[in-house]
Amino acid sequence: MAVLRQLLVKMGSDRTIRKVRTQLVGARALTRFLMDCGYPASPQALMKRLHDRLHSILPLATSPLELAVFGRLLDGPLLMERARNLPLHFPSAQDTELSGLWPWLTAGSALELARANCLTGEFVRSLTRWLGEMLSNLAPPAGLGWQDSRILASRAINLLFCLRFTDNPHKMSAGLCGDLLLHLYLTGQVMEQNLNGALSASSSVSYNYQTHLACALMFLGFSFDFLPEAGKWRDQGCAALGPAFQSCPQEAGSLEEMSAALRCACLGMWLGGRQEASLPGLREAVRVQAMELRAAAPPWTDQFFSVSPLPAGPLCFSSDPGQESSLAAVLLEDPQLRGPRRVTELLFWLYGPEVEDKLRQLAGGSAPGVVYMGGLAGLTRRLGRERVSLWLSCPPSSLPSLSAFAPQSSAAMLTHPLSLSIFRGGQPLLLPPSRLEKGPLSVYFNSRAATNSLLLDDKEPGPGQVVVDALEHDQRYMFMAARFNGYMNLPDPVMVRRRIFVDYGARLINITDQIQGVAQHVCLLYFHFPPHAVIQKYQKGGHVVSINKEKWWFKTESKAISELIRGQANPPLGWALQRDGSVSPSPSLTVRLTSVGSARFSTSLVLLDPE
């Protein structure tokens, strides 16, 4: 299937593609499929069998008594509002923004409609019309919906959950039932081919692809037990899921990718455990990766996600490391993995109201001290009453091939080497970077000026490598250091170094930036604070930053020129991207220095005593 699709795309013959599509999804193909399943001319009866099977293998919390608790634990009105605002029609062919295509390509919005229907018994939008339009626009063998294995896997699992949440899917029209069943069957065939190719390829094939494919193929195998291929799909998915996910910690990737892969692995472990399936190597791999992601989640740090335009679903990419680590904690009954003790929607559907007690019984454990994960170096320790977490962008390459499916801020952080984020008590002290895909401020948010980093001679750095020189901590201090050679392309090549030192006793965070060159250079340092921070001049020099009932003394070099900017339009500076996608003014301090040859610039944040 995959080879055939690639050949057809290269041929560029719309007529040939239409002919093959007719053979794959036309009336003859449907008739042959129904006969192979033992239900000739009875697509609705076959859909009822699939629905009954889904109730058996996906025992979700959808009974009236369980749903009565949903409103107490989760925001039901918000879910309904999102469902009512879903798009009515498939985006036009000219719409290239992933945020507009994603709900259709992965059936994420179909799942949202089904969940809303499950909660209220009403179709907020016609689910049948939505599914029909999705299927007509995603016909194989060519097209965007069939080119990415993660999209295929997400759509397969989202459709299965969608049918599980729908009371009587077999009451849909015979044509829609047949088209949907045949679509899932063809999806399984393509995923089987793609997984075989991924497993036989070199390590260059991403674990993210393999994990998604293995999980989805396993789900289809358990669900379509009436298919001759079901046993092969089930066994192949079960055997591949653990080994695919085991490679996850060895690869550098964005937090979103790692979080989505962990969700895949957890869903596979949940289903496999209920079906008593053998999943070699999966449990330990999940534990290792969940502990890594837990370090990036509340209460130790705030999550790195600023914008989440993609719909929520079992295999969505807008995942939260805290949610996935908590899911792993419940699955493995391991207190060390638990992130924030809050009930998430997926946890509720999988475990029902009892998930509250499951989370309560998990004590939480201590925060990891040193983390190096996905191109981010992190240190976490207590400073005074609250913990301080440092995160420094240290990607193996300064211009990584970032997934277009993850427009959140950890991806932004990976594009700006030596960008620093600091969290205090789980809340940002220095904001993490964010990416904005479109809008008048998109260029700004994707630039180095929007991050807590250094800009040399008003030029963005070129490609380069980051080397982590130190990640240390003991009872008295934390220390991290890294260097970056992205400015070696200047007429006077420059090596940039950044060191961060935290002194617990002095309640001091010191940031030292060093440039190693020969000629004169102008250095701009950017420091971005949350919108609610209040910054004023300090009589001892520098500024006082008031935030979250604490005051920090922001000190710079005596020769530096500091400027406080908030919501500046031209050039844009001093803006923060909120979680809902809106933009608000936010205080930023810029520090300008001039140097000749090698130089060091010191910036400090000192926690002041309460007045």
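The values are calculated or read from the model by the stated rules, or taken from the named source; none is laboratory data. In this text, all values refer to a predicted model and were calculated from it rather than measured experimentally. Glycine also receives a Cβ, built like all others from the backbone with ideal geometry; neighbour counts cover every protein chain displayed. Side chains included, ligands, DNA and RNA excluded: accessible areas come from the protein's heavy atoms. Shrake-Rupley method; radii C 1.70, N 1.55, O 1.52, S 1.80 Å.
Spot the failing condition for residue 504; the list is (1) in contact (Cβ under 8 Å) with a residue 40 or more places away in the chain; (2) farther than 22 Å from residue 390 by Cα; (3) more than 32 Å from the chain's Cα centre (by Cα), and only one is missed.
Tallying (1) in contact (Cβ under 8 Å) with a residue 40 or more places away in the chain; (2) farther than 22 Å from residue 390 by Cα; (3) more than 32 Å from the chain's Cα centre (by Cα), residue 504 fails exactly one: (2).
Report, by residue number, each residue of the range 465-484 that is modelled with pLDDT under 90, under 29 Å from the mean Cα position of the chain (by Cα) and either crowded, with 19+ Cβ neighbours inside 10 Å or polar (S, T, N, Q) (or both).
Answer for the range 465-484, where residues must be modelled with pLDDT under 90, under 29 Å from the mean Cα position of the chain (by Cα) and either crowded, with 19+ Cβ neighbours inside 10 Å or polar (S, T, N, Q) (or both): 465, 466, 471.
Quick one: is residue 461 touching a helix residue (DSSP H, G or I) at 6+ places or on another chain (Cβ under 9 Å), at pLDDT below 95, open to solvent by less than 50 Å² (accessible area, probe 1.4 Å) and under 30 Å from residue 101 (Cβ atoms)?
The answer is no for residue 461.
Give the residue, chosen from 254, 247, that is open to solvent by 20 Å² or more (accessible area, probe 1.4 Å) and modelled with pLDDT under 80. First the steps, then the outcome.
Working: 254 fails: open to solvent by 20 Å² or more (accessible area, probe 1.4 Å).
After ruling out the rest, the residue left standing is 247.
Kindly evaluate residue 594 against the criterion of being of a type in the set (Val, Ile, Thr) and modelled with pLDDT of 95 or more.
Criteria not met by residue 594.
Could you identify the single residue in 237, 322, 268, 281 that is in contact with a Pro (Cβ under 8 Å, 6 or more places away or on another chain), at pLDDT 60 or above and either among the charged types (D, E, K, R) or surrounded by 23 or more Cβ atoms within 10 Å (Cβ to Cβ) (or both)?
The conditions single out 322.
Quick one: in the range 167-184, of everything that is within 20 Å of residue 115 (Cβ to Cβ), at pLDDT 90 or above and open to solvent by less than 10 Å² (accessible area, probe 1.4 Å), which residue is nearest to the chain's Cα centre (by Cα)?
My answer is 184.
Select from the range 485-520 the residues that are open to solvent by less than 10 Å² (accessible area, probe 1.4 Å) and under 26 Å from residue 552 (Cβ atoms) and list them in ascending order.
Correct list: 496, 498, 500, 502, 509, 511, 513, 515.
Within the range 76-94, take every residue that is open to solvent by less than 50 Å² (accessible area, probe 1.4 Å) and assigned to a loop (DSSP other than H, G, I, E, B) and give me the one that is modelled with the highest pLDDT.
In this case the residue turns out to be 86.
Could you check how many residues of the range 209-227 are modelled with pLDDT of 90 or more and open to solvent by 40 Å² or more (accessible area, probe 1.4 Å)?
The number of residues fulfilling the criteria is 1.
Here is a check on your reading of the model: is residue 138 open to solvent by 40 Å² or more (accessible area, probe 1.4 Å), at pLDDT below 85 and of a type in the set (A, V, I, L, M)?
No: the conditions fail for residue 138.
Mind checking which residues of the range 416-445 are open to solvent by 20 Å² or more (accessible area, probe 1.4 Å) and closer than 21 Å to residue 462 by Cβ?
Within the range 416-445, 435, 443 qualify.
Pick from 38, 76, 71: which is farther than 15 Å from residue 220 by Cα and over 36 Å from the mean Cα position of the chain (by Cα)?
38
Scan 577, 525 and give me the residue that is modelled with pLDDT of 95 or more and buried (at least 19 other Cβ atoms within 10 Å of the Cβ).
Exactly one residue qualifies, and that residue is 525.
Is there a residue in the range 101-113 that is among the hydroxyl-bearing types (Ser, Thr, Tyr) and either open to solvent by less than 40 Å² (accessible area, probe 1.4 Å) or within 26 Å of the chain's Cα centre (by Cα) (or both)?
yes
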